[in-house]
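Comments concern the structure below.
Nothing in this text is a laboratory measurement; each read-out follows from the coordinates by a stated rule. Treat the numbers as computed from the prediction; the structure is a model and nothing was measured. All Cβ positions, glycine included, derive from the backbone under ideal geometry; neighbour counts span all protein chains shown.
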Amino acid sequence: MIIITCQIELNLPGVASLKEKRSIIKSVVKRLQREFNLATAEIGHLDVWQSSQIGLVTIGNDAGHLQSQLEKAVAWLERNRPDVYIVDYTIEFR
C-alpha cells in the first residue's frame, strides 16, 4: 500500500475577506475531490485572506499512477482556476 500526499501553496490576489477566500477554497477542494477522487482539505493559512494551503492525498498500489494523478490535479488547478495562483507544491510518498 502506497500513500502519496501533495501540499499546494496558493495565492489568492484580490480577495478582500475570509468569507470570499473560504468560498473560493471550498469550491476548489470540492472540485478536486470530484474530478480526481482525492481526499482534499484546506490545511494551512486558515486566517489569512490572500493565501491558502491545501492538501491532497491518494492511496493505492502503483506509485507511478498515484503520482501522475496528483500532478494532473495540480495541472488542472493551474489551467482551470485563473483566480488561484499556485506558488509552490510538493508531492511526498508516505
Relative contact order for the range 1-61, counting Cα pairs under 8 Å that sit 6 or more residues apart, in percent: 51 percent
Values of log10 I(q)/I(0), in the order q = 0.25 Å⁻¹, for the chain under a Debye, Cα-only, solvent-free model: -1.33
Folded to 0 to 90 degrees: helix 18-36 orientation relative to the chain principal axis, Cα: 20 degrees
Angle between the chain longest axis and helix 63-80 axis [Cα atoms, degrees, rounded to 10]: 20 degrees
Magnitude of the charge dipole, the chain, Cβ model with Lys/Arg +1 and Asp/Glu -1, debye to 20: 380 debye
Zone residues, the range 1-41, relative to TRP49, backbone N less than 20 Å from point 7 Å out along Cα-to-Cβ: 10-27
Built amide H within the under 5 Å cut-off of THR58, gap 5+: ILE4
For the range 46-60, Karplus couplings with θ = phi - 60° (6.51, -1.76, 1.60), whole Hz, Gly/Pro x: 5, 10, 10, 4, 9, 8, 7, 10, 10, x, 10, 9, 9, 9, x
